[in-house]
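One structure is given below, encoded as structure tokens.
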Amino acid sequence: MSIVLRQTARPRLAGALRQQADVVEQTLADLGVPGHVVAASVGPTVTRLGIAPAIVETRSADGQVLRRDRVRVARIMARADDLALALGARSVRIEAPVPGEPYMGIEIPNGDRATVPLAALLRQRSTREALDACALPLVIGRNIVGDTIVADLARLPHLLIAGATGSGKSVSVNALLATLLGNVDPARLRLIVIDPKRVEFAWLENTAHLLTPVVMDPRDAVSVLGKVETEVTRRYAALETAGVRDLAALNRQGSEPLPYLVVAIDELADLMMVAGPDVERSICRVAQLGRAAGIHLIVATQRPSVDVVTGLIKANLPARLAFAVSSWIDSRTVLDATGAERLLGRGDLLYLPSDAPKPIRGQGAYASDDDLARLSRKWRRKQGLPDPYAEEFANLMTVAERVFEETYQRALALAGERRKLSASYLQRHLRIGRSLAAEVFARLSDEGVVGGDDDDDDDCLGLAPD
């Protein structure tokens, strides 16, 4: 004979919460994995019921206790779909355990979802105090227990955002940029925004924070990322000269202060299709060295497949923000865990800071068009006034030019070792993109380093005679 023991009293619940708790407990009992509701919290999007796995006593016919077993957490986690069916919910996510609590959480969608306006969050005293402690404050949204999710981009130091169409990804990027503009003036922060979709960031045009106009052509984006890479190198030289370790220490020395530079990319997939190897190299180099130089990345994509979010890119963007994705495979690509495939869309998110073992569920902040227009008017650049820092950035030699020259020198060395070369051979052995290989090969041909033989085709030329 088995007896289920209840060790903790159920909290006092009202109305729909009590009904949900009854359904959850009954369903788990029917499935042979009993558990008890010991806590509850209502968030903007979901309600979380805290479940303590029950202890089951096995007794003999005369009532003696033979053994006591606690229901395994893994057995309850495997019942998410059964619970969703019993509750009539679109999906149910189970978190085990809830960080800092002695129970697991069953997250049930609310019947009436609440919007989380960015303006309302910013008016809260607790939010303002958290923002004041950040160099580059980000308001992400509100968590299940009602607290504002605040992050400091300077500490993250880079953020990867992923979510399918309609998940709220672009709305969140707008809210993040609005938080930055609303709390950091242009003397301390400059933005580069890459928007291949061309419609999401029109409100930013002509604002004083923008270092360049919003970049819409993926080919231009590759060049801009090259300049950012060069800016990283330039700042490291300044740090070395000053004998300091980071941008904050450099600016404290009293010289002309350098602003933080945030690069926001709204659709990484478009850039990877145009120039994947070059984009990957630039993002990885900036991400690896950017923290000390005060340069930070916010990279978003609606297609978090491994050919877009490559292993190198993922390894160098440690903080993650996942909205609803189409499959558990995409969830694993973003978070290294499943769960994002069970999100509800329209701002429902999982936020994984770089120093946290598990993601935090919340509802993303929403910045209305009026909020964005008000910010745009506040920071509208005054026409006719020069921007020395922007001009200096625009005049930097692009990394694309430097990379071409370095690749050409490597190709020359290779030409001295082989009798024949081709563009495809350069692409394979120098590990470069097809277009760069073709340009390098064309220059080798134009300068007479390789020349045609009667037996050679157009793409496989022998070395030119001395």
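Looking at Ala96, Ala40, Ala54, which is the one that is within 28 Å of Thr115 (Cβ to Cβ), in contact with a strand residue (DSSP E or B) (Cβ under 9 Å, 6 or more places away or on another chain) and of a type in the set (Gly, Ala, Ser)? Step through it out loud before you land on a result.
On the way: Ala96 fails: within 28 Å of Thr115 (Cβ to Cβ); Ala54 fails: within 28 Å of Thr115 (Cβ to Cβ).
Selected residue: Ala40, the only one of Ala96, Ala40, Ala54 that is within 28 Å of Thr115 (Cβ to Cβ), in contact with a strand residue (DSSP E or B) (Cβ under 9 Å, 6 or more places away or on another chain) and of a type in the set (Gly, Ala, Ser).
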For residues that are assigned to a helix (DSSP H, G or I) and surrounded by 19 or more Cβ atoms within 10 Å (Cβ to Cβ), scanning just segment 240-265, find the one that is modelled with the lowest pLDDT. Leu250
Selection status of Leu121, more than 15 Å from the chain's Cα centre (by Cα) and part of a helix (DSSP H, G or I): yes
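So, in segment 259-282, how many residues would count as being under 23 Å from Thr179 (Cβ atoms) and without any contact (Cβ under 8 Å) to a residue 60 or more places away in the chain? Even if it seems obvious, please write down each step before you answer.
Within segment 259-282, the subset under 23 Å from Thr179 (Cβ atoms) is 259-268.
Pick out the ones that are also without any contact (Cβ under 8 Å) to a residue 60 or more places away in the chain and you get 268.
Total meeting the criteria: 1.
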Out of all the residues in segment 18-53, which are among the small types (Gly, Ala, Ser), closer than 27 Å to Gly141 by Cα and not in a helix (DSSP H, G or I)? Ala39, Ala40, Ser41, Gly43, Gly50
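Is it fair to say Pro318 is in contact (Cβ under 8 Å) with a residue 60 or more places away in the chain, surrounded by fewer than 20 Cβ atoms within 10 Å (Cβ to Cβ) and in contact with a His (Cβ under 9 Å, 6 or more places away or on another chain)?
Details: in contact (Cβ under 8 Å) with a residue 60 or more places away in the chain: yes; surrounded by fewer than 20 Cβ atoms within 10 Å (Cβ to Cβ): yes; in contact with a His (Cβ under 9 Å, 6 or more places away or on another chain): yes.
In short, yes.
Within segment 78-96, count every residue that is exposed (fewer than 15 other Cβ atoms within 10 Å of the Cβ) and either in the same structural domain as Pro359 (by TED's automatic domain parsing) or not acidic (Asp, Glu) (or both).
Taking segment 78-96 first, the residues exposed (fewer than 15 other Cβ atoms within 10 Å of the Cβ) are 78, 81, 85, 88, 90.
The next check asks that each one be either in the same structural domain as Pro359 (by TED's automatic domain parsing) or not acidic (Asp, Glu) (or both); those that pass are 78, 85, 88, 90.
Total meeting the criteria: 4.
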How many residues are part of a loop (DSSP other than H, G, I, E, B) and either acidic (Asp, Glu) or touching a His at 6+ places or on another chain (Cβ under 7 Å) (or both) when one looks only at segment 64-89? 0
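Residues Arg410, Arg402: which one is modelled with pLDDT under 70, in a helix (DSSP H, G or I) and touching a helix residue (DSSP H, G or I) at 6+ places or on another chain (Cβ under 8 Å)?
Working: Arg410 fails: modelled with pLDDT under 70.
Matching residue, one of Arg410, Arg402: Arg402.
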Can we say Ala237 is in a helix (DSSP H, G or I), surrounded by 14 or more Cβ atoms within 10 Å (Cβ to Cβ) and small (Gly, Ala, Ser)? no
Condition test on Val228, is it touching a Ser or Thr at 6+ places or on another chain (Cβ under 9 Å) and touching a residue at least 12 places away in the same chain (Cβ under 8 Å)? yes
Taking first residues from segment 34-58 that are assigned by TED's automatic domain parsing to the domain that holds Ala14 and second residues anywhere that are among the acidic types (Asp, Glu) and surrounded by fewer than 18 Cβ atoms within 10 Å (Cβ to Cβ), the pairs with Cβ under 8 Å that are 6 or more apart or on different chains are Ala39/Glu101; Gly50/Glu101; Ile55/Asp69; Val56/Asp69; Thr58/Asp69
Could you look through segment 239-288, keep only residues that are of a type in the set (Lys, Arg) and over 17 Å from Glu229 (Cα atoms), and pick out the one that is farthest from the chain's Cα centre (by Cα)? Arg252
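Among the residues of segment 171-189, are any closer than 23 Å to Leu335 by Cα, in the same structural domain as Leu297 (by TED's automatic domain parsing), in contact (Cβ under 8 Å) with a residue 12 or more places away in the chain and among the charged types (D, E, K, R)? Working first, answer last.
Within segment 171-189, the subset closer than 23 Å to Leu335 by Cα is 171-177.
Now narrow it down to the ones that are in the same structural domain as Leu297 (by TED's automatic domain parsing): 171-177.
Subset that is in contact (Cβ under 8 Å) with a residue 12 or more places away in the chain: 171-177.
Subsequent filtering for residues that are among the charged types (D, E, K, R) retains none.
No, every residue in segment 171-189 fails to be closer than 23 Å to Leu335 by Cα, in the same structural domain as Leu297 (by TED's automatic domain parsing), in contact (Cβ under 8 Å) with a residue 12 or more places away in the chain and among the charged types (D, E, K, R).
Going by the conditions given, is Glu57 modelled with pLDDT under 90, out of contact with any helix residue (DSSP H, G or I) (no Cβ under 9 Å at 6 or more places or on another chain) and either under 30 Å from His296 (Cβ atoms) or part of a strand (DSSP E or B) (or both)? If you could, list the steps in order and put the result at the bottom.
Working: modelled with pLDDT under 90: yes; out of contact with any helix residue (DSSP H, G or I) (no Cβ under 9 Å at 6 or more places or on another chain): yes; either under 30 Å from His296 (Cβ atoms) or part of a strand (DSSP E or B) (or both): yes.
Against the criterion (modelled with pLDDT under 90, out of contact with any helix residue (DSSP H, G or I) (no Cβ under 9 Å at 6 or more places or on another chain) and either under 30 Å from His296 (Cβ atoms) or part of a strand (DSSP E or B) (or both)), Glu57 qualifies.
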Can you give me the number of residues within segment 421-447 that are under 14 Å from Gln409 (Cβ atoms) and touching an Asp or Glu at 6+ places or on another chain (Cβ under 6 Å)? 0
Surrounded by fewer than 20 Cβ atoms within 10 Å (Cβ to Cβ), farther than 24 Å from Val145 by Cα and at pLDDT below 90: which single residue out of Ser376, Ser326 fits that description? Ser376
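Out of the residues in segment 426-451 that are touching a residue at least 24 places away in the same chain (Cβ under 8 Å) and assigned to a helix (DSSP H, G or I), which is farthest from Ser223 (Cα to Cα)?
Step one: of segment 426-451, the residues touching a residue at least 24 places away in the same chain (Cβ under 8 Å) are 431-433, 435-436, 439-441, 443-444, 449-450.
Right, trim to assigned to a helix (DSSP H, G or I) and you get 435-436, 439-441, 443-444.
On the way: Ser435: 14, Leu436: 13, Glu439: 16, Val440: 18, Phe441: 21, Arg443: 20, Leu444: 23 Å.
So, considering only residues that are touching a residue at least 24 places away in the same chain (Cβ under 8 Å) and assigned to a helix (DSSP H, G or I), the one farthest from Ser223 (Cα to Cα) is Leu444.
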Restricting to segment 289-332, name every residue that is more than 13 Å from the chain's Cα centre (by Cα), over 30 Å from Leu430 (Cβ atoms) and polar (S, T, N, Q). Ser326, Ser327
Residues of segment 341-358 being in contact (Cβ under 8 Å) with a residue 60 or more places away in the chain, closer than 10 Å to Leu321 by Cα and either among the hydroxyl-bearing types (Ser, Thr, Tyr) or buried (at least 22 other Cβ atoms within 10 Å of the Cβ) (or both), which ones? Leu349, Tyr351
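Out of Gly163, Gly111, Gly141, which single residue is surrounded by fewer than 19 Cβ atoms within 10 Å (Cβ to Cβ) and of a type in the set (Gly, Ala, Ser)?
On the way: Gly163 fails: surrounded by fewer than 19 Cβ atoms within 10 Å (Cβ to Cβ); Gly141 fails: surrounded by fewer than 19 Cβ atoms within 10 Å (Cβ to Cβ).
Within the list Gly163, Gly111, Gly141, the selection yields Gly111.
The values are calculated or read from the model by the stated rules, or taken from the named source; none is laboratory data. Given the structure is predicted, the values throughout are model-derived calculations rather than measurements. Cβ: placed from backbone, ideal geometry, glycine included. Neighbour counts: every protein chain shown.
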